[in-house]
Every structure is written in C-alpha cells, then in structure tokens.
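J.: Have a look at this one before I ask anything.
The values are calculated or read from the model by the stated rules, or taken from the named source; none is laboratory data. If you're wondering where the values come from, they're calculated on a predicted model, not measured in any experiment. Using ideal geometry, Cβ is built from the backbone for each residue, glycine included, and neighbour counts are taken over all protein chains shown. Side chains are part of the model used for accessible areas, which takes the heavy atoms of the whole protein and leaves out ligands, DNA and RNA. Shrake-Rupley method; radii C 1.70, N 1.55, O 1.52, S 1.80 Å.
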Amino acid sequence: MSKKIAIITGASSGLGREFVRLLDADSEGAGAGEFHLDALWIIARRKERLEELAAGLRTDTDVIALDLTDKTSVTQLQEKLSAERPDVRMLINAAGSGKIAASAALPLEQVDQMIDLNCRAAVDVTQICLPYMDSGAKIMEICSTAAFQPIPYLNVYAASKAFLYRYSRALRFELRPRDITVTAVCPYWIKDTEFIPSARQTASADKTMSEAQSPIRSFPLASTSKTVAERALMDTRLGLSVSTPGFVCTVHRAAAKLLSSDILMYIFDWLRKI
C-alpha cells in the first residue's frame, strides 16, 4: 500500500514551517488527522533548518534539501516520487520570495528568482505531484493578497502571485472530476516571518533598508504566521477555492471586485507612505 504523505515546500521558515508544525500536531501515531498521513516530506534550501524542524516532529519526516529555483531540483523530486510512488494527500506550495523596490532598481537575478520560485517552481512541483494524487487530495498554493491588484514597488512579486492565483483557480476547475481541491491562499502581511526583512534587502544594497528608506514604510494590522496558517488549513479542509486568512485580505479581495486597479494603486500609494 502506498504511503500517505503531505509535501510542504518552503518548510524551513515562515508559513511553510508553521504548516509542518500544524500537520504534525494534528497527528496521532502514524496518522495525521483526517488525512491519515504516514509521513511529511519537507522541502527547502536550508538543510540544517529542515533537520532542526524534523527533530521535533512526531510524524515520520523526509528532509529534502532542494533549491527550487534550480530546475534540476524539480527533476530530483520527480525521481523520488517515481521511486517511492506515495499517495500525496496534501501539497502545500509555500516557497516564495519578494523584493520591495522600484522595478528599475532590481537586478535581473532577483527578478528572475521571484518569477522562478513564485511561478515556475510552484507549477512544476504541482505538475509532478498530480500523478500521485487521488480523490480527496488537497493542494494549497500560497499566493498573497497582492494577487488582487497591481502593486507599485512590489510589482514583480504582486504580478507573480497574480499568476499563481489565476493558475490555482483554473487548476481547481480542471481537477473537479478527480475530486482534488485546490485552494489559493491569499494572506496580508505577516509580521513574524523573514519575508519583510528579506524583501527590504534590495538589489544594490548589502544591508536591509530602514523603515524610512523603504518605499513601503509600515505594515499596519499585519498578521502572525500561526494565525494565518491555522485559518488557511481550516479553509483548505473545508474545500474553499480561495482563503483570505484575515480581516485585511478579506476586505482587500472585496474591494478589488468593486474598484478599478488605478484607484486601488492610488490608495496603496497613500498607505505605503504612512
């Protein structure tokens, strides 16, 4: 019988790490809640962080150190799937990166990294997992509330998340006959992850920008990773197509349906300077 597993990318920090902990905390013996998981496959670049995380888990865990911006990493994961032929009950694509800066200030390397990780890698990992997913399996694509509108000074990141959001919505429709659900998770800023400090570390600078230097000066009403992960996991279990795990992103999603992109960008331009 195939081993029932969950695959979590971006598991070394932030939301990915929190999802791993929640799935493990829900486990009893060899199973994990309603998904009856036998194992977790946790993926990220930083092997030592993955090993530290795995050491504190009750669920059997495979540490898979891969840089998903490298296409050969996807091939390695595909080969592991082919060799072990697991039953993938849940896939959580939480790996992602972003930069806060004017587009002209970003070097090509950082632009390509955002597109590769947020778009290509997420799609590639989903594609290679689909043959190993059966009825009742769930996919979580970690998008962002940035997917709902163009965002100056977070331009490439927002555009990449809009791509992943649209991909997730259409993939959900395609997978309906197989009873596999896809949830696009669209959180607002999360204050206790590495994303904001990393996003402020720009292109031409060797150190993180201060609040005064950053084009986005503050992040009011930011959420916490645990709160976002708990709500997103609940929404996914309920089979929702879109999860907006928080008040701000829920209002933003509604506003994006009512207001034009130009109006939303002017509102953002005012808010970013507060």
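J.: Rounding to the nearest 10 and keeping the result within 0 to 90°, find how far the Cα-based axis of helix 155-175 lies from the longest principal axis of the chain.
T.: The angle comes out near 40 degrees.
J.: Output the pairs from Lys4/Lys80; Lys4/Lys138; Lys191/Lys226; Lys99/Lys161; Lys161/Lys226 with a Cα-Cα distance over 18 Å in this structure; if there are none, say none.
T.: Long pairs (Cα-Cα over 18 Å): Lys161/Lys226.
J.: Further question on the same structure: What do you get for the angle between helix 261-271 and the principal long axis of the chain? Use alpha-carbon atoms, 0 to 90 degrees, nearest ten.
T.: Tilt relative to the chain: about 80 degrees.
J.: Continuing with the same structure: Name the residue from Leu130, Gln76, Leu238 whose Cα lies farthest towards the positive end of the charge dipole of the chain, charges +1 on Cβ of Lys and Arg and -1 on Cβ of Asp and Glu.
T.: My answer, from the dipole projection, is Leu238.
J.: While we're here: Treating the beta-carbon of each Lys and Arg as +1 and of each Asp and Glu as -1, no other charges, what is the dipole magnitude of segment 1-106 about its Cα centre, to the nearest 20 debye? Mind showing how you got there, number by number?
T.: Values: 14 positive and 16 negative charges, 74 e Å.
For this selection, approximately 360 debye.
J.: Need one word for segment 35-96: rounded, prolate or oblate. Basis is the Cα gyration tensor (sqrt eigenvalues a ≥ b ≥ c); a/c below 1.5 gives rounded, then a/b vs b/c decides.
T.: Oblate, because a/c is 1.5 or more while a/b does not exceed b/c.
J.: Percent of accessible area on the chain owned by carbon and sulfur, 1.4 Å probe?
T.: Here carbon and sulfur together make up 52 percent of the probe-accessible area.
J.: Another question, then. For the chain, what is the mean residue ellipticity at 222 nm derived from helices alone (per DSSP H run of n ≥ 4: -39500 (n - 2.57); sum divided by total residues; nearest 500 deg cm²/dmol)? Before the final figure, lay out the partial values.
T.: On the way: 10 runs with 114 residues, N = 274.
My calculation for the chain gives -12500 deg cm²/dmol from helical runs alone.
J.: About the Cα centre of the chain, how large is the charge dipole given +1 on each Lys and Arg Cβ and -1 on each Asp and Glu Cβ? Please answer in debye to the nearest 20.
T.: Charge dipole of the chain: 720 debye, to the nearest 20.
J.: While we're on this one: Considering the convex hull of the alpha carbon atoms of the chain, report its projected area averaged over all viewing directions, in nm², one decimal.
T.: So the Cα hull casts an average projection of 14.1 nm².
J.: Can you find, among Ala158, Gly98, Ile142, the residue sitting farthest towards the positive end of the charge dipole of the chain, where Lys and Arg contribute +1 and Asp and Glu -1 at Cβ?
T.: Ranked along the dipole, the leading option is Ala158.
J.: Quick check: with the 1.4 Å probe, what order do Ile196, Ile100 take by accessible area, largest first?
T.: Per-residue accessible area, sorted high to low, gives Ile196, Ile100.
J.: Of Met234, Met114, Met90, which has the largest mean-square fluctuation in a 10 Å C-alpha GNM of the chain?
T.: So, out of Met234, Met114, Met90, the one fluctuating most is Met234.
J.: State in Å² the accessible area per residue of the chain; use a 1.4 Å probe, count heavy atoms of protein chains only, and round to the nearest integer. Intermediate values should be presented prior to the final figure.
T.: Working: 12890 Å² over 274 residues.
Accessible area per residue, the chain: 47 Å².
J.: If contacts are Cα pairs under 8 angstrom and at least 6 residues apart, what is the relative contact order of the chain in percent?
T.: Dividing the mean separation by the residue count of the chain yields 18 percent.
J.: Let me ask another. Leaving ligands, DNA and RNA out of it, rank Asp262, Asp235 by accessible area with a 1.4 Å probe, largest first.
T.: Asp262, Asp235
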